[in-house]
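Structure first, commentary second.
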Amino acid sequence: DVFPFLLHCGIIPDVVTDQTSAHDELNGYVPNGMPYSDALKLRSTNPEDYKRRSVSAMVEQVRAMVGFQEMGAVVFDYGNNIRGQAEAGGYREAFAFPGFVPAFIRPQFCRGRGPFRWV
């Protein structure tokens with residue numbers, strides 16, 4: 001809920017990423033506009049609806065991230081698959097911003113810097 005609100009208010013961060021567990025739309029994400037207690041109830045009573053709502057929320061999140069990028073923010077995916085989830089949810093511009101490794105690590109290797117501990 002926060003990224004779309006900030007974008008609507010014209011508040012543009014310098015750097016934007018998403019650290020949610022977007023790879024798990026059932027247990028790792030809470031749909032927008034839903035108190036956590038209600039989310040837990042829906043998760044157990046109607047998991048398919050819960051997942052649909054989670055993916056819809058991811059679409060809104062990624063749409064806002066693209067909006068931040070269009071306004072000059074540095075935006076990247078940190079490897080949680082939120083772009084893939086948003087694309088699966090119908091957002092065609094989900095991959096408008098890069099992942100962390102292609103944007104920041106690969107250029108270091110191209111300059112001969114490294115190795116890094118996660119390589």
Review point. Label-point separation (nm) for residue 5 and residue 74, each offset 7 Å from Cα along Cα-to-Cβ?
Key: 2.7
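Based on the Kirkwood radius over alpha-carbon pairs, what value in µm²/s does the Stokes-Einstein equation return for the translational diffusion coefficient of the chain at 25 °C and 0.890 mPa s?
Details: Rh = 15.3 Å.
Stokes-Einstein gives a translational diffusion coefficient of 160 µm²/s.
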Exercise for review: Taking only protein heavy atoms into account and a 1.4 Å probe, give the accessible area per residue of region 34-96 in Å².
Suggested key: 54
Review point. For the chain, what relative contact order do you get, as a whole percent, if you take Cα pairs closer than 8 Å and at least 6 residues apart?
Key: 28
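Around residue 3, with a cut-off of 12 angstrom between Cβ atoms, what is the net charge of the other residues, counting Lys and Arg +1 and Asp and Glu -1? All intermediate terms of the calculation are to be shown ahead of the outcome.
On the way: positive: 63; negative: 1, 18, 60.
Once positives and negatives cancel, what remains is -2.
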Practice item. Using per-residue counts of other Cβ atoms within 10 Å, averaged over each peptide, order 3-13, 19-29 from highest down. Key: 19-29, 3-13
Check your understanding: Where nothing but the Cβ of Lys and Arg (+1) and of Asp and Glu (-1) is charged, how large is the charge dipole of the chain around its Cα centre, in debye to the nearest 20?
Key -> 440
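With Cβ to Cβ distances under 12 Å as the rule, what net charge do the other residues near residue 98 carry (K, R +1; D, E -1)?
Working: positive: 83, 106; negative: 77.
So the environment of residue 98 carries a net charge of +1.
The values are calculated or read from the model by the stated rules, or taken from the named source; none is laboratory data. Keep in mind it's a predicted model, so treat the numbers as computed, not measured. Positions of Cβ are generated from backbone atoms using ideal geometry, with glycine treated the same way; all protein chains shown enter the neighbour counts. Side chains are part of the model used for accessible areas, which takes the heavy atoms of the whole protein and leaves out ligands, DNA and RNA. Shrake-Rupley method; radii C 1.70, N 1.55, O 1.52, S 1.80 Å.
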